[in-house]
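One structure is given below, encoded as structure tokens.
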Amino acid sequence: MNQPSLREADPDVASLIAAEERREFEKVRLIPSENYVSRAVLEATGSVLTNKYSEGYAGKRYYEGQQNIDPLESLAVERARALFGADHANVQPYSGSPANLAVYFALLKPGDTVMGMALPHGGHLTHGWNVSITGAWFRSVQYGVNLETGRLDYDQMRDLARRERPRLIIAGATAYPRVIDFAAFRAVADEVGATFLADMAHIAGLVAGGAHPSPVPHAHVVTTTTHKTLRGPRGAMILCREDLAKAVDKAVFPGLQGGPHNHTTAGIAVALREAATPAFREYAHQVVRNARALAEALAGYGFKLVSGGTDNHLILMDVTPRGLTGKQFAKALDRAGLECNYNTVPGDPRKPFDPSGVRLGTPAVTSRGMKEPDMARIAAFFHEVAEAVEDPDALDRIAARVRDFTSAFPCPGILVG
Ligand code: DSN
């Protein structure tokens with residue numbers, strides 16, 4: 001049987017994948033929700049498991065031929081439960097938004113009141129923001145950060161909950177650089193009779209490695225993606241107490257999804273095994289040490305950090321005091337080989353498509369083995385780019401030096417270089 005390789009069968013796609021490998025190798029990748037998965041995770045994800053349909057759960061499927069899928073999914077579930085100390089795990093959600101939506105479907109009726117962190121303050125679309133189905137089909141009230149300190153305003157959150165009596169309270173963020181006090185959220189949920197959902201997507205790897213307090217002992221339900229600090233394939237999981245397990249499983253399938261992506265389940269299982277090792281624990285702590293070092297060095301160059309610094313993997317900074325806009329700076333950085341994303345900052349007077357800030361983080365660079373002195377180098381590149389935003393030739397010269405810098409750091413899963 002003639003089985004051409006990807007390069008032989010489809011050189012267009014093969015070339016684009018090769019180019020992406022090179023791009024990921026050459027750039028300083030600082031988008032805080034991105035990472036490099038291991039070669040083992042890539043192999044599992046790119047396997048024949050993509051061929052199989054498995055609607056249902058282990059032992060109760062609607063298709064035959066589950067001899068290998070049932071033990072595989074059970075392995076992923078057991079590893080998730082053990083790593084995070086959860087009663088129950090569902091590893092089937094396709095990604096973070098469907099995972100959150102499944103929790104809404106399991107616990108709420110359309111029109112019920114939900115309370116989450118406002119997107120412009122660092123929350124997520126699916127925490128009740130108005131353009132999301134979670135804001136359109138539910139009555140959403142939103143808390144935020146104190147605009148002076150940039151830190152979560154727990155008093156405002158509690159007062160809002162007392163006034164609005166939400167049925168679901170959501171904690172978790174996509175652009176919040178500080179530790180989240182999950183016990184404080186649970187206390188408010190108990191006071192107003194709400195269910196507490198913690199979305200730990202950004203910090204799951206830090207939680208697994210002991211570098212951020214875990215929401216699992218506090219929340220009734222925890223959702224997470226698997227591809228950010230956790231360093232697995234693109235996917236998601238829902239962890240919950242035993243009494244909610246049936247409702248959550250039913251909401252994922254048949255409520256929201258059809259067949260699980262078994263190749264992703266395999267990648268998640270491999271990533272969970274990796275995340276249970278001492279090396280991953282050290283990784284999680286180094287992510288935080290690197291973020292702190294990068295934040296301090298950037299502040300030294302006059303960048304204004306939201307909340308004044310970071311406790312986790314992420315830095316949010318207002319670049320307008322340096323005479324820049326977020327978009328202008330992010331685009332100049334990308335040309336110079338440093339990849340982050342433009343982002344609103346709390347209280348931003350500018351629009352989301354051209355905001356005041358940039359968001360960056362250290363999960364990917366730490367996966368390459370970078371340490372604190374390397375963060376000082378990266379901050380110095382940021383300063384140079386800020387001085388050269390309107391000078392494409394200067395940005396290209398910086399990019400050449402950035403390529404030289406990154407060439408010393410191998411990327412997990414990538415063999416170029
Ligand atoms: N898009 C993700 C992020 O970049 O934070 C959140 O879903």
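If you scan segment 84-102, which residues turn out to be within 16 Å of the ligand (Cβ to nearest atom) and under 19 Å from residue 170 (Cα atoms)?
93, 95, 96, 97, 98, 99, 100, 101, 102
Quick check on this structure: which one of 299, 291 is assigned to a helix (DSSP H, G or I) and crowded, with 19+ Cβ neighbours inside 10 Å?
From the options 299, 291, the qualifying one is 291.
Before we move on, is residue 357 on the phi > 0 side of the Ramachandran plot and either in contact with an Asp or Glu (Cβ under 7 Å, 6 or more places away or on another chain) or without any contact (Cβ under 8 Å) to a residue 12 or more places away in the chain (or both)?
Criteria not met by residue 357.
Please find, among 7, 23, the residue that is open to solvent by 60 Å² or more (accessible area, probe 1.4 Å), among the charged types (D, E, K, R) and touching a Ser or Thr at 6+ places or on another chain (Cβ under 9 Å).
Answer to the check: 7.
Determine whether residue 358 is closer than 23 Å to residue 122 by Cα and within 16 Å of the ligand (Cβ to nearest atom).
Taking the combined requirement at face value, the residue satisfies it.
Okay, residues lined up against (1) among the hydroxyl-bearing types (Ser, Thr, Tyr); (2) assigned to a loop (DSSP other than H, G, I, E, B); (3) touching a residue at least 24 places away in the same chain (Cβ under 8 Å):
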{"position": "369", "(1), (2), (3)": "no, yes, yes"}
{"position": "375", "(1), (2), (3)": "no, no, yes"}
{"position": "383", "(1), (2), (3)": "no, no, yes"}
{"position": "386", "(1), (2), (3)": "no, no, yes"}
{"position": "389", "(1), (2), (3)": "no, yes, yes"}
{"position": "393", "(1), (2), (3)": "no, no, no"}
{"position": "397", "(1), (2), (3)": "no, no, no"}
{"position": "400", "(1), (2), (3)": "no, no, no"}
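Any residue at all in segment 56-66 that's in contact (Cβ under 8 Å) with a residue 40 or more places away in the chain and of a type in the set (A, V, I, L, M)?
No, because not a single residue in segment 56-66 is in contact (Cβ under 8 Å) with a residue 40 or more places away in the chain and of a type in the set (A, V, I, L, M).
Name every residue in segment 45-69 that is open to solvent by less than 50 Å² (accessible area, probe 1.4 Å) and not aliphatic (A, V, I, L, M), in order of residue number.
Once the filter is applied, which keeps residues that are open to solvent by less than 50 Å² (accessible area, probe 1.4 Å) and not aliphatic (A, V, I, L, M), segment 45-69 yields 45, 47, 54, 55, 56, 57, 61, 65, 66.
Sort out which residues of segment 310-346 are under 16 Å from residue 174 (Cα atoms), part of a loop (DSSP other than H, G, I, E, B) and out of contact with any Gly (no Cβ under 7 Å at 6 or more places or on another chain), and write them in order of number.
Scanning segment 310-346 gives 310, 311, 312, 340.
Do we have residue 94 as closer than 17 Å to residue 237 by Cα and outside any helix (DSSP H, G or I) here?
Yes, satisfied.
Which pairs have Cβ atoms under 6 Å, sit 6 or more apart or on different chains, and link a residue in segment 70-97 that is closer than 28 Å to residue 129 by Cα and open to solvent by less than 60 Å² (accessible area, probe 1.4 Å) to one that is of a type in the set (Ser, Thr, Tyr) and away from the ligand (no atom under 16 Å from the Cβ)?
If the second residue must be of a type in the set (Ser, Thr, Tyr) and away from the ligand (no atom under 16 Å from the Cβ), the pairs left are 91/265.
Please work out which residue is farthest from the ligand (Cβ to nearest atom), limiting yourself to segment 178-195 and to residues that are under 27 Å from residue 318 (Cβ atoms), open to solvent by 10 Å² or more (accessible area, probe 1.4 Å) and out of contact with any Asp or Glu (no Cβ under 6 Å at 6 or more places or on another chain).
Applying the filter and picking the extreme gives 184.
Could you look through segment 138-160, keep only residues that are acidic (Asp, Glu) and over 18 Å from residue 311 (Cα atoms), and pick out the one that is nearest to the chain's Cα centre (by Cα)?
Out of the qualifying residues, it is 155.
Name the residues in segment 103-126 that are more than 11 Å from the ligand (Cβ to nearest atom), open to solvent by 10 Å² or more (accessible area, probe 1.4 Å), assigned to a helix (DSSP H, G or I) and hydrophobic (A, V, I, L, M, F, W, C), would you?
Those that are more than 11 Å from the ligand (Cβ to nearest atom), open to solvent by 10 Å² or more (accessible area, probe 1.4 Å), assigned to a helix (DSSP H, G or I) and hydrophobic (A, V, I, L, M, F, W, C): 105, 106, 107.
Please state which one of 175, 171, 198 is within 16 Å of the ligand (Cβ to nearest atom) and touching a Lys or Arg at 6+ places or on another chain (Cβ under 6 Å).
Among 175, 171, 198, only 175 is within 16 Å of the ligand (Cβ to nearest atom) and touching a Lys or Arg at 6+ places or on another chain (Cβ under 6 Å).
Please enumerate the residues belonging to segment 127-150 that are within 16 Å of the ligand (Cβ to nearest atom), open to solvent by less than 10 Å² (accessible area, probe 1.4 Å) and part of a loop (DSSP other than H, G, I, E, B).
Within segment 127-150, just 128 meets the criteria.
The values are calculated or read from the model by the stated rules, or taken from the named source; none is laboratory data. In this text the structure is predicted, and so the values were computed from the model without any measurement. Heads up, the Cβs are rebuilt from the backbone with ideal geometry, glycines too, and the neighbour counts pull from every protein chain shown. Side chains included, ligands, DNA and RNA excluded: accessible areas come from the protein's heavy atoms. Shrake-Rupley method; radii C 1.70, N 1.55, O 1.52, S 1.80 Å.
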